[in-house]
1. Restricting the search to the range 225-248, which residues are over 24 Å from residue 429 (Cβ atoms) and not in a strand (DSSP E or B)?
2. If a residue has to be assigned to a loop (DSSP other than H, G, I, E, B) and either crowded, with 20+ Cβ neighbours inside 10 Å or in contact (Cβ under 8 Å) with a residue 12 or more places away in the chain (or both) to count, how many in the range 364-423 make the cut?
3. Please work out if residue 235 is touching a helix residue (DSSP H, G or I) at 6+ places or on another chain (Cβ under 7 Å) and either closer than 20 Å to residue 462 by Cα or at pLDDT 85 or above (or both).
4. If you take just the strands (runs of 3 or more DSSP E) that sit entirely in the range 51-120, which of them hold at least 1 residues that are under 45 Å from the mean Cα position of the chain (by Cα) and surrounded by fewer than 15 Cβ atoms within 10 Å (Cβ to Cβ)?
5. Would you point out the residue of the range 189-232, among those that are of a type in the set (Ser, Thr, Tyr) and free of Cβ contacts under 8 Å to residues at least 60 places away in the same chain, that is farthest from residue 284 (Cα to Cα)?
6. Pairs, please: C-beta under 6 Å, at least 6 apart or cross-chain, first residue assigned to a strand (DSSP E or B) and surrounded by fewer than 20 Cβ atoms within 10 Å (Cβ to Cβ) and in the range 342-362, second at pLDDT below 95 and of a type in the set (Gly, Ala, Ser)?
7. Which members of the range 305-326 meet the condition of being surrounded by 14 or more Cβ atoms within 10 Å (Cβ to Cβ) and within 23 Å of residue 360 (Cβ to Cβ)?
8. Which of the numbered conditions does residue 322 fail, given that it passes all the others? Conditions: (1) over 23 Å from residue 477 (Cβ atoms); (2) touching a residue at least 24 places away in the same chain (Cβ under 8 Å); (3) not aromatic (Phe, Trp, Tyr).
Amino acid sequence: MQKSYLRIVYFLLLILAFGQALQGCSSTSKLHTEAPAATASAAPIYKPRLSSITVPVSVSIAALENRLNQEVASVLYKDTDLSDDNVAVTVTKKGRMAVRAEQDKIYVSVPLHIYAKGRWKWDPCKLCPAIDKTEDTRFDMVIKTESSIRLTEDYRISTTTSGDFEWGDTKPVLELGPLKIGLARFVEPALRQQLSSLSKQLDKELQQHLDMKKYVADAWLLLQEPVKLDNALNAWLTVQPQEVRMAPLSARSGNLHSRLGITSYIAVATGGKPQVQLNRNLPKLIVDNRLTDDIQIGLTATVPYAQASQLLQKQVANQTYKFDGGKSQVTVKDASMTPNGEQLVLMLDIDGRTKAGLFTKKLAGKIYLRGTPYYDAASASIRVRDVEYDLDTKDKLLNAADWLARNKFTEMIQQQVSIPVQQQLHDTKQLLQATLDRQGRVHESLLLRGSIQDITPENIYLTPEGIKAVVNATGSLTATVDKL
């Protein structure tokens, strides 16, 4: 009996010892990894694309003609004094001035009405009565001027006007008694003098009413005002113009044509109206005949790291990853995303375990992965490649859980991380088009119309605020100066 009791006690002690041995075969490692500093690259992180907005500009010749007819006085020359040369001449504008343009020249036809009065005075003798007789005549003629136009670096129109006139088959005369006075020698000097004055006046009027500087200056400042694109996103479009180019003026189809090119940095930002410092200094105009009608705009959109972290959590949090035929597994409890230099750092708070025979090793704590962001055109999303453990994490894993450091866990995470931006690109395109549709008349004399045909991603940059996606927008934009 005593021997049986001893055997039972021995058996119980053996079971207890075996159970304790089994418990000793399961161990848990706590990771105490250090998070990489959340800093963007010290080098210039984001180099915005310099956008070239090339705007065809047209000035209506008909509008120019209307303004010149309003501004040029009806009386061009008036001499009513007969005492000096016995001839008085008045030159007035008859009817409308006609304006046309060809290539880089403007032609003006000025219809004139000329009134001439002559006096014949004769004293045959001291005692004889003096003969004093006056006659007048009227005739019409047309003066034609030619103005060469060019642009200057201060946005002015430089014109050089010359002109001439023709009498036709016969020159006008005044018949005063027995005398026939040819008016050409009296009228021509006055016309020549007035033609010079008229040319100067036309130069002044053309330069005043073809003053591109006020339109460019207005556009220069208007472009810098932030434009709200969307209320829900609180999205704003900002433009920083850098340079102004303009093609030489040329005429066709009843209009003076040119192309205005403004190179700018353009960005789209969310989270409130950006604070901008207006640059009022209009740069010198660069005359360039190689400008095209198309626009190409570099736009930027930022995905804040908080938003990127939320997307990462939806993709990997509460997910269990198994490998080694199910012997090893890792469950992600939490995840976040931060920048470090030119790479993204993925923080994963994990619980993991691996089993070898009767032994089970557990792992708990935070691990940090690094990856390079890029745009994946196939999925229209921002993804990461070359994902690997941060050096501190890798050292800790090699000491505490080399089984995790050796498996394909990083590849699994790399395949799953994706930040979709296709909808954002579509929304950006729609917002841009709506903005162009709303702008319309940005100045009382300037009408804008345009369309955005395509938006394609160009590059990815990491900034302190978030992941900045750079996209390239192509389209067309036209400007018409229809009121002078």
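The values are calculated or read from the model by the stated rules, or taken from the named source; none is laboratory data. Since the structure is predicted, the reported quantities are computational estimates derived from the model, not experimental observations. Heads up, the Cβs are rebuilt from the backbone with ideal geometry, glycines too, and the neighbour counts pull from every protein chain shown.
1. Listed by number, the residues that qualify are 247, 248.
2. 10
3. yes
4. Those strands (runs of 3 or more DSSP E) span 98-102.
5. 196
6. Final answer for the pair search is 351/364; 360/26.
7. 319, 321, 323, 324
8. Among (1) over 23 Å from residue 477 (Cβ atoms); (2) touching a residue at least 24 places away in the same chain (Cβ under 8 Å); (3) not aromatic (Phe, Trp, Tyr), the lone unmet condition for residue 322 is (2).
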